[in-house]
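Chemist: There's a structure below that I have some questions on.
The values are calculated or read from the model by the stated rules, or taken from the named source; none is laboratory data. Because the structure is predicted, anything quoted here is derived from the model rather than measured. Virtual Cβ from ideal backbone geometry, glycine too; neighbours counted across all protein chains shown. Accessible surface areas use protein heavy atoms only, side chains included; no ligands, DNA or RNA. Shrake-Rupley method; radii C 1.70, N 1.55, O 1.52, S 1.80 Å.
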Amino acid sequence: MDIFGEIRAWTEMNGGQWEGVGYLTPDTQWHEIRIMVDFWRGTTSVKIDGRSYPSCLTGTAKPETWGTETAARLQAEIISLYPEPSGIRVMHKAEFKDWIWVWEPQNACRVFLPFIRK
């Protein structure tokens, strides 16, 4: 399939849709993903194994019965094989470890400068 290993990101184009932004060869190795969501500046960043992929900040309206807090969500899906008439099935799973959230105050600002030795 042409989309085997495709990484997709949600966009707000045409009312919201998934868009292909890169590829990751499926394997059984651990990968590092770093996600940054800056609600106040309306920016995001996604890196997988140090490589950046396009992403965007989107909002979803919730019913009035929900709380008024701001929340972030990461969604990860694995889709291995479309069921064919032959009945082929492939067992697959995804595991997540060492998961942390870092919450910073609204006015937090970081600047990363390269270290250059002369």
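Chemist: Residue by residue through the range 89-106, note down the ones that are farther than 14 Å from Val37 by Cβ, open to solvent by 100 Å² or more (accessible area, probe 1.4 Å), modelled with pLDDT under 75 and not aliphatic (A, V, I, L, M).
Modeler: Within the range 89-106, Arg89, Lys93 meet the criteria.
Chemist: Can you tell me which of (1) assigned to a strand (DSSP E or B); (2) of a type in the set (Val, Ile, Thr); (3) at pLDDT 85 or above is the one Thr25 doesn't meet?
Modeler: Unmet for Thr25, out of (1) assigned to a strand (DSSP E or B); (2) of a type in the set (Val, Ile, Thr); (3) at pLDDT 85 or above: (1).
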